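Note sheet for the following structure.
No lab work stands behind these numbers, since they all come straight from the coordinates. These numbers come from a predicted model, not from an experiment. Here Cβ is always computed from backbone atoms with ideal geometry, including for glycine, and neighbour counts include all displayed protein chains.
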Amino acid sequence: MTRNEWAELRASTPLTLSEDDLSALRGVNEDVSLEDVANVYLPLSRLINLHIGAARQLTGIRDTFLGRPTHRGPYIVAIAGSVAVGKSTFARVLQAVMARWPDHPNVALVTTDGFLYPNSKLVADGIMHRKGFPESYDRKHMVKFLAAVKAGERNIKAPIYSHVSYDIVPDQYQLIDQPDILIFEGLNVLQTDGVDGQKPSTIVSDFFDFSVYLDADEQDIEQWYVARFLMLQKTSFRARGAYFRKLADLTPEEAPEAARQIWRDINRVNLLENILPTRERADLVLRKAADHSVSEIWLR
């Protein structure tokens, strides 16, 4: 459906975010407006809220049948898509919108970056150049984490990743304590293959209740990646201890070509081989236009 058709499905869902709220949620090169929130996020929040209500009813029916107290586990929403397509900003805004529904005020957000293997292991395994590819993630850890969340365990530790040091932060964790909703965002969250191409008995997406794939033309994503690279070159690349400090000193002529080479050699390959093939597994696909606005929606 078109953006306008989708926007009509908002019904009477109120806009509860302010411009100040939104400014704190925007990412690099992601100019999300209140109009975007009203036309894209609010219909999605209404759809997910309806799904959550139905899921809770079904859980209650099952628990009644089994003769046990009703267990209301968290509802897990996955966000997938390419590097630079806007997943992080999308996830933050969706978290803020969903948390304003009275039925589920506790909404946690976890990114899969924290489940990357440490750089030391990637280097030892000879796959540092494949960082972000499925084999660079500790998928067993991800499965254990999501299983614990679904089981309602308390204070579950999610590893923290630093985009400045480009590595896992030692001995620091994000605590997840029985959220109503968990948003799980990452490149390869809808992957079905296991290690060495073998499908394990349990995969990450087994725990998802709803999944969203952010989509765009490859050429647009490349342009967004280059623009983000040039922005980061002036900011986080210059931070103390930054892994990409050497890239901060590239000339205005060198920097765009360096970004395009990284895109061609790494991110484009990952997109075409691993990420894009999972698009059809998503419950909802949001197609973005060249200006980052969502222009088309595919609902399973």
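Across the stretch 68-118, the qualifying residues are those that are among the basic types (Lys, Arg) and within 12 Å of the chain's Cα centre (by Cα), and the one among them that is farthest from Gln191 (Cα to Cα) is Arg92.
Among the residues of the stretch 162-175, the ones that are buried (at least 17 other Cβ atoms within 10 Å of the Cβ) and within 11 Å of Val110 (Cα to Cα) come to 0 in all. Take the conditions touching a strand residue (DSSP E or B) at 6+ places or on another chain (Cβ under 9 Å), part of a loop (DSSP other than H, G, I, E, B) and either aromatic (Phe, Trp, Tyr) or under 30 Å from Val204 (Cβ atoms) (or both) and apply them to Val85. Does it pass? Yes, satisfied.
Being buried (at least 17 other Cβ atoms within 10 Å of the Cβ) and either among the hydroxyl-bearing types (Ser, Thr, Tyr) or closer than 20 Å to Ser88 by Cβ (or both) is the filter here; which residues of the stretch 1-26 pass it?
We begin by selecting, within the stretch 1-26, every residue buried (at least 17 other Cβ atoms within 10 Å of the Cβ); these are 3, 6-7, 10, 13, 17, 22, 25.
Scanning the stretch 1-26 gives Thr13, Leu17, Leu22, Leu25.
For the stretch 272-288, state whether one or more residues are hydroxyl-bearing (Ser, Thr, Tyr) and farther than 30 Å from Leu47 by Cα. The answer is no; no qualifying residue exists. Determine whether the stretch 99-108 contains at least one residue that is touching a helix residue (DSSP H, G or I) at 6+ places or on another chain (Cβ under 6 Å) and either among the hydrophobic types (A, V, I, L, M, F, W, C) or outside any helix (DSSP H, G or I) (or both). Within the stretch 99-108, one or more residues are touching a helix residue (DSSP H, G or I) at 6+ places or on another chain (Cβ under 6 Å) and either among the hydrophobic types (A, V, I, L, M, F, W, C) or outside any helix (DSSP H, G or I) (or both).
Which of the following residues is under 30 Å from Asp171 (Cβ atoms) and β-branched (Val, Ile, Thr): Val37, Val77? Please lay out each step first, then the result.
Numbers: Val37 fails: under 30 Å from Asp171 (Cβ atoms).
Testing whether each residue is under 30 Å from Asp171 (Cβ atoms) and β-branched (Val, Ile, Thr) leaves just Val77.
Scanning the stretch 169-195 for residues that are out of contact with any helix residue (DSSP H, G or I) (no Cβ under 9 Å at 6 or more places or on another chain) and assigned to a loop (DSSP other than H, G, I, E, B) yields one hit, Asp177.
Residues in the stretch 60-71 that are assigned to a loop (DSSP other than H, G, I, E, B) and either free of Cβ contacts under 8 Å to residues at least 24 places away in the same chain or β-branched (Val, Ile, Thr) (or both): Gly67, Arg68, Pro69, Thr70. In the stretch 196-237, the qualifying residues are those that are polar (S, T, N, Q) and assigned to a helix (DSSP H, G or I), and the one that is surrounded by the fewest Cβ atoms within 10 Å (Cβ to Cβ) is Gln219.
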